[in-house]
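The values are calculated or read from the model by the stated rules, or taken from the named source; none is laboratory data. Small disclaimer: the values here were computed from a predicted structure and weren't measured. Methodologically, a virtual Cβ is constructed for each residue, glycine included, from the backbone with ideal geometry; neighbour enumeration extends over all protein chains shown. With ligands, DNA and RNA removed, areas are computed over all heavy atoms of the protein, side chains included. Shrake-Rupley method; radii C 1.70, N 1.55, O 1.52, S 1.80 Å.
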Amino acid sequence: MSGSLSDNLTLRRAVRDHRSVLQQAMRAHRADDLDTAEQLYREVLDLHAAQPDALHYLGVLCHQRGRSDEAVEFVRTALKITPRHPDAHNNLGNIHKECGRPAEAEACYRRALECAPDHHNALGNLAVVLEVQSRLDEAFEAYGGLLQKAPDEARGHYLMGLFLRNHAQNMEHLEQAAECFGRAFERDGRNLRALEALGVTLYALKRHDEARRVYRDWLEREPDNPVPRHMLAACGGADAPPRAADAYVRELFDGFADSFDEQLLKNLDYRAPQVLVDALGGVLGVPAGALDVLDAGCGTGLCAPLLRPYARRLAGVDLSGGMVEKARVRGGYDALDVAELTGYLQSHRGAWDLVVSADTLVYFGELQEALVAASAALRPGGWLGFTLEAMDEDADRVELTPSGRYRHTRRYVERVLAAAGFGDVRIVADALRREAGQAVAGWVVLARRPGRGATSSEGEAA
Ligand SMILES: C[S@@+](CC[C@H](N)C(=O)[O-])C[C@H]1O[C@@H](n2cnc3c(N)ncnc32)[C@H](O)[C@@H]1O
């Protein structure tokens with residue numbers, strides 16, 4: 001009998017201990033101290049192997065650290081113990097969504113909603129993955145449901161605004177999108193993405209003065225914020241910089257990375273990585289895993305799986321730490337760096353056989369310095385491939401557009417490539433994304449550093 005009493009006491013102490021360790025783990029997790037949090041979650045599981053919260057949150061943490069397969073296993077194990085836990089279903093959905101598995105994500109969000117029909121987060125996420133799967137009627141209904149259930153929350157208005165703008169078929173849809181963005185910002189004054197979206201949409205509606213006023217007011221409230229500064233220039237309210245300021249790029253893309261929903265939405269019909277790598281396939285031939293490849297402006301890593309077959313070594317560089325974190329989670333790179341592109345290229349002379357830059361040089365007006373740096377960073381015979389937004393004019397010029405990105409004419413691109421010493425230039429027009437319901441025209445550009453190297457085909461002259 002005395003044995004069982006001491007067993008009971010030990011058991012009670014273990015339960016008490018594991019609860020307090022779990023609280024500490026969750027505090028560390030919230031404070032972004034992932035090392036401590038992981039260690040503490042594992043301690044909880046040593047004390048109590050089937051503790052569902054520790055399993056669930058350790059899963060979320062593993063995903064944050066790029067170990068998404070392990071993450072799925074932990075959350076699934078948690079759900080075997082507490083099968084009606086809506087947050088765990090929702091978080092499992094988020095892991096699938098961020099790993100590019102929208103159908104699996106959808107099933108998880110539906111289960112979360114079965115457990116808790118008023119789970120607003122799960123409903124918004126469900127709408128997003130329906131939209132990503134091009135099931136637009138169902139997505140519209142889900143966004144509408146979210147607005148009905150949570151009219152005071154900014155997120156539903158913002159997401160509905162993006163939906164209407166992404167799929168706008170007429171000006172009325174854009175007007176409605178602008179109203180949604182305005183309502184989102186009214187409800188949450190920290191939702192600056194809604195404010196930016198409002199400015200861009202007002203400009204698209206040709207309400208130019210109102211768009212400029214949005215940015216001027218914002219700049220008055222936050223004189224150091226690079227976003228309204230850049231966007232005011234983009235609307236013709238100030239001089240355009242030669243390229244988007246580093247602070248603007250960081251602010252913009254760190255914000256994207258944090259809200260992956262919006263990132264996915266913006267990527268609807270986004271084809272730049274695929275189109276660019278297809279074009280490169282035409283000059284590189286069958287992938288042999290033999291090249292040193294740089295993904296320049298890698299973002300969340302969408303190019304990685306397409307470039308991997310060509311790469312002996314695949315590196316990625318991007319100015320936004322938030323985007324690089326997402327690329328790390330997605331995986332596929334041998335190295336990832338947070339750095340400004342031109343400086344990075346300048347400090348890696350002769351390092352690459354292939355430099356690829358999808359939808360990144362659109363944040364550069366003047367391309368000269370970056371292209372000279374890219375040429376020096378390539379080995380002789382190495383290829384550069386990039387996409388741009390196209391200005392369909394005969395002139396030799398570049399302009400900053402109200403979207404905040406630059407457009408270049410073909411003549412401009414040809415001149416700066418030649419000045420940077422590139423040969424074998426191929427420029428093809430293609431639609432690389434849709435915006436406000438319209439295809440955005442782009443250039444797919446390939447150019448080669450003269451000389452003979454790993455990318456030369458058999459029998460090719462030096
Ligand atoms: C639209 S995203 C494209 C990302 C990725 N290449 C893709 O196709 O999904 C543009 C990326 O360029 C990066 N970027 C813009 N200007 C940059 C610069 N000067 N140096 C490094 N990265 C830059 C941004 O941080 C962002 O991640």
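Taking the Cα centre of the chain as origin, work out the dipole magnitude from +1 charges on Lys and Arg Cβ and -1 charges on Asp and Glu Cβ, in debye rounded to 20.
Dipole magnitude for the chain comes out near 560 debye.
In the stretch 361-383, which residues have a backbone nitrogen under 16 Å from the label point lying 7 Å from ALA290's Cα in the Cα-to-Cβ direction?
379-383
For ASP46 and ASP188, compute 0.36 nm times the residue count separating them, minus their Cα-Cα distance, and round to one decimal in nm.
So the chain would gain 46.9 nm between ASP46 and ASP188.
Extending each Cα 7 Å along its Cβ direction at ASP69 and ARG135, get the distance between those two points in nm, one decimal.
2.8 nm
Only Cα pairs under 8 Å and at least 6 apart count here; give the relative contact order of the stretch 177-219 as a rounded whole percent.
About 31 percent, as a whole number.
Roughly speaking, what is the stretch gain from ASP269 to GLN346, that is 0.36 nm per residue apart minus the C-alpha to C-alpha distance, in nm to one decimal?
24.4 nm
What FRET efficiency do you get for ASP396 and ALA376 if R0 is 30 Å and r is their Cβ-Cβ distance, rounded to the nearest 0.05?
0.80
Compute the signed sum of charges (Lys and Arg +1, Asp and Glu -1) over the other residues within less than 13 Å, Cβ to Cβ, of PRO305.
+1
Considering the options VAL398, ASN90, LEU61, tell which one lies farthest towards the positive end of the dipole of the chain, charges being +1 on Lys and Arg and -1 on Asp and Glu at the Cβ, about the Cα centre.
LEU61
Accessible area per residue for the stretch 2-186 in Å², computed with a 1.4 Å probe and the full protein assembly in place, what is it?
49 Å²
List the residues of the stretch 277-318 whose backbone N lies under 15 Å from a point placed 7 Å from the Cα of ARG426 along the Cα-to-Cβ direction.
Residues 277-287 qualify, since their backbone N sits under 15 Å from the label point.
At R0 = 41 Å, how high is the FRET efficiency between VAL283 and ALA240 if r is their beta carbon distance? Nearest 0.05 is fine.
Taking R0 as 41 Å, the efficiency between VAL283 and ALA240 is 0.80.
5 Å is the cut-off here: which amide hydrogens, built 1.01 Å from N in the peptide plane, fall below it relative to HIS348, excluding neighbours closer than 5 in sequence?
So HIS348 has HN proximity to no qualifying residue.
Would you please calculate the Kirkwood hydrodynamic radius of the stretch 2-186 over all C-alpha pairs and express it in Å, rounded to one decimal?
18.3 Å
Using all Cα-Cα distances in the chain, what percent lands in each 20 angstrom bin from 0 up to the longest?
Result, from short to long distances: 22, 50, 24, 4, 0 percent.
How large is the helix-only mean residue ellipticity at 222 nm for the chain, computed as the sum of -39500 (n - 2.57) over DSSP H runs with n ≥ 4, divided by its residue count, in deg cm²/dmol to the nearest 500?
Calculated from helices alone, the mean residue ellipticity at 222 nm is -18000 deg cm²/dmol.
Could you state the principal axis extents of the C-alpha atoms in the stretch 302-388, from the largest down, to the nearest angstrom?
Taking max minus min along each principal axis of the Cα atoms, the stretch 302-388 gives 33, 27, 23 Å.
Roughly how many percent of the accessible protein surface of the chain is carbon and sulfur, given a 1.4 Å probe and a whole-percent answer?
That fraction is 49 percent.
What whole number of Å gives the distance from the Cα centroid of the stretch 101-173 to the Cα centroid of the stretch 332-352?
The stretch 332-352 and the stretch 101-173 have Cα centres separated by 38 Å.
Based on the Cβ-Cβ distance from LYS206 to GLU179, what FRET efficiency comes out when R0 is 22 Å, to the nearest 0.05?
Step by step, r from the Cβ atoms, then E = 0.85.
Average the reciprocal distances over every distinct pair of alpha-carbons in the stretch 270-346, invert the result, and give the Kirkwood radius in Å.
12.6 Å
From the backbone phi of the stretch 144-157, what are the Karplus-calculated ³J(HN,Hα) couplings (6.51 cos²θ - 1.76 cosθ + 1.60, θ = phi - 60°) in whole Hz, Gly and Pro given as x?
Per-residue couplings from phi come out as x, x, 5, 5, 5, 6, 9, x, 8, 8, 5, 4, x, 5 Hz.
For the stretch 266-448, what is the Kirkwood estimate of the hydrodynamic radius, computed as the reciprocal of the mean inverse distance between distinct Cα atoms, to one decimal in Å?
After inverting the mean inverse Cα-Cα distance, the result is 16.2 Å.
With Cβ to Cβ distances under 10 Å as the rule, what net charge do the other residues near ASP292 carry (K, R +1; D, E -1)?
Its environment carries a net charge of +1.
Modelling each spin label as a point 7 Å along the Cα-to-Cβ direction, I'd like the ARG84/ALA31 distance in nm, to one decimal.
Roughly 3.6 nm, to one decimal.
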